[in-house]
Amino acid sequence: MAAKIIKGIDIREEILSDIRKEVQEIKAEYGLVPGLTTILVGDNPASLSYVTLKVETANSLGFKEVQDSQPTDISEEDLLSLIAKYNNDPTIHGILVQLPLPEHIDEKKVLYAIDPDKDVDGFHPINIGRLMLGGSEVKFPPCTPAGIQEMIIRAGVNTDGAEVVVVGRSNIVGKPIANMLLQKDPHANATVTVVHTHTKDLASHCRRADILIVAAGVPGLVSPEWIKPGACVIDVGVNRVGEKISEKTGKKVAVLRGDVDFEEARKIAGAITPVPGGVGPMTITMLMKNTLNSLKYRLGIMQA
Ligand code: NAD
């Protein structure tokens, strides 16, 4: 039987519509809206397009959005002062610094300067620690892993007691999603294995996965024979493998491919995410959800 395709684009619309509604309700009751600032240093075209998408999404939800663009040669000191300004601004509930930063700026120093209670990306060590503790300690789950978990839930895939194999151990995807799915929680409770470049037999681990999450950044790394029949496959990989002319716009666009051979894998898997249109759209969506939640924590209508 052909796999169910888990469409991030559709799930995104459902979640954004819920957020939009909640923003209206909070605005009516408290006269406040979620405030998000996105700080972009320099003019890296990929960073600019990510930031533009975040700004457009935030505006479409009725957030207060402050896009703060800074020149490439901004000093580290000035950038830290800017973060301090937003840390102290009561109308801002989320601060996002678009990475990568220019070489003369210490990325860690900048990210760690963000108030953990406004760290909607969830990268601050305090929020990573909260994630590790799990349950009600978690304030801002990192956006891509949060999107992955949401997709698994909405696809109706049972995680309780499931064998989960995560390919990749990065701080932004592999490690946090592994940690989230092993928590004692109805949407987790899985037995999790993390595999990486030093793993001896990658295929044998993948073959026993009820849920296979692949975040390696290697196009087509997972071949169809590695997939257990009926498994849920979440392909996080976004790899540019070429260029083409868009039928819609007539402009040159990147050809994207995941870490899984989608066309073959869908014949074996029970459920699978496509690339593009799978995990990708979920990341910004969860960023918006974290920003809304930040305001809710501030108002005391949500606890963490
Ligand atoms: P990363 O390079 O930081 O980490 C990749 C991990 O995969 C490493 O831990 C490495 O050990 C492992 N790995 C690499 N090659 C491997 C191999 N041949 N066998 C086994 N393990 C291998 O990458 P990342 O930031 O975690 O991103 C991974 C992929 O996910 C990339 O394609 C990235 O573009 C994509 N991504 C997508 C989103 C999204 O929103 N859709 C968000 C973040 C990352």
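Read the figures in this text as sums done on the coordinates, not as results from a lab. This is a predicted model, so every value here is computed, not measured. Cβ coordinates were reconstructed from backbone atoms using ideal geometry, including for glycine residues, and neighbour counts include every protein chain displayed.
Could you give the alpha-carbon Rg of the chain over 2.2 N^0.38 Å, rounded to two decimals?
Normalised Cα radius of gyration, the chain: 1.01.
Would you please give the residues with an amide H less than 5 Å from that of residue 66, counting only those at least 5 places away or on a separate chain, with H modeled from the backbone geometry?
36, 37, 38
So how much slack lies between residue 53 and residue 187, counting 0.36 nm per residue of separation and subtracting their Cα-Cα distance, in nm?
Extra length from residue 53 to residue 187 when fully extended: 45.3 nm.
Once phi is turned into ³J(HN,Hα) by the Karplus curve 6.51 cos²θ - 1.76 cosθ + 1.60 with θ = phi - 60°, what whole-Hz value does each residue of the stretch 297-303 show in order, with x for glycine and proline?
So the J values, rounded to whole Hz, are 4, 4, 7, x, 9, 8, 10.
Specify the residue with the greatest mean-square fluctuation among 60, 246, 136, computed from a Gaussian network of the chain linking alpha-carbon atoms under 10 Å apart.
246
In whole Hz, what ³J(HN,Hα) sequence does the stretch 110-119 give by Karplus (6.51, -1.76, 1.60; θ = phi - 60°), x for Gly and Pro?
Result, rounded to whole Hz: 5, 5, 6, 7, 5, 4, x, 7, 10, 7.
Report the gain in length on full extension from residue 254 to residue 91: 0.36 nm times residue separation, minus Cα-Cα distance, nm rounded to one decimal.
Taking residue 254 through residue 91 to full extension adds about 54.9 nm, to one decimal.
Identify, among 37, 88, 120, the residue whose Cα sits farthest towards the positive end of the charge dipole of the chain, taking +1 on the Cβ of Lys and Arg and -1 on the Cβ of Asp and Glu, with the dipole about the Cα centre.
120
Can you quote the Å³ per residue value for the convex hull of the Cα atoms in the stretch 191-303, rounded to an integer?
In the stretch 191-303, the Cα convex hull volume per residue is 163 Å³.
Return a whole-number percent for the relative contact order of the chain, with Cα pairs under 8 Å and 6 or more residues apart as the contact set.
21
For the stretch 22-33, what does the Karplus curve 6.51 cos²θ - 1.76 cosθ + 1.60, with θ = phi - 60°, yield as ³J(HN,Hα) per residue in whole Hz, taken in order and with x for Gly and Pro?
5, 4, 4, 5, 5, 4, 5, 7, 10, x, 10, 10
Skipping prolines and chain starts, which residues have an amide H placed within reach, meaning under 5 Å, of the one on residue 97, given they are 5 or more residues away or on another chain?
39
In the P(r) worked out for the stretch 1-132, what percent of Cα pairs fall beyond 24 Å?
Every Cα pair in the stretch 1-132 considered, those over 24 Å come to 38 percent.
For the stretch 252-304, take N as its residue count and report Rg(C-alpha) divided by 2.2 N^0.38 Å.
Expressed relative to 2.2 N^0.38 Å, the Cα Rg reads 1.74.
Quick one: compute the contact order of the stretch 8-80, relative version, from alpha carbon pairs under 8 angstrom and 6+ residues apart, as a percent.
Reported relative contact order: 35 percent.
Taking every alpha carbon pair in the stretch 141-250, what does the distance histogram look like in 10 angstrom bins from 0, in percent?
Histogramming the stretch 141-250 at 10 Å steps yields 14, 47, 27, 10, 3 percent.
With a cap of 14 neighbouring Cβ atoms within 10 Å, and only residues DSSP puts in a loop, list the trypsin sites (Lys or Arg not before Pro) found in the stretch 115-186.
Answer by residue number: 184.
Explain nothing, just the number: relative contact order of the stretch 52-202, from Cα pairs under 8 Å at least 6 residues apart, as a whole percent.
For the stretch 52-202, the relative contact order is 15 percent.
Using label points projected 7 Å from each Cα along Cα→Cβ, tell me how many nm separate residue 5 and residue 76, to one decimal.
About 4.7 nm separates the two model spin labels.
DSSP loop (so not H, G, I, E, B), at most 14 other Cβ within 10 Å: list which trypsin sites (Lys or Arg not before Pro) in the stretch 236-266 pass both filters.
Sites meeting the loop and neighbour criteria: 248, 251.
Which percent, to the nearest 5, of DSSP beta bridges fully inside the chain are antiparallel?
Roughly 15 percent of the DSSP beta bridges within the chain come out antiparallel.
Between residue 170 and residue 69, what is the spin-label point distance in nm, taking each point 7 Å from the Cα along the Cα→C-beta axis?
It works out to 2.6 nm between the two label points.
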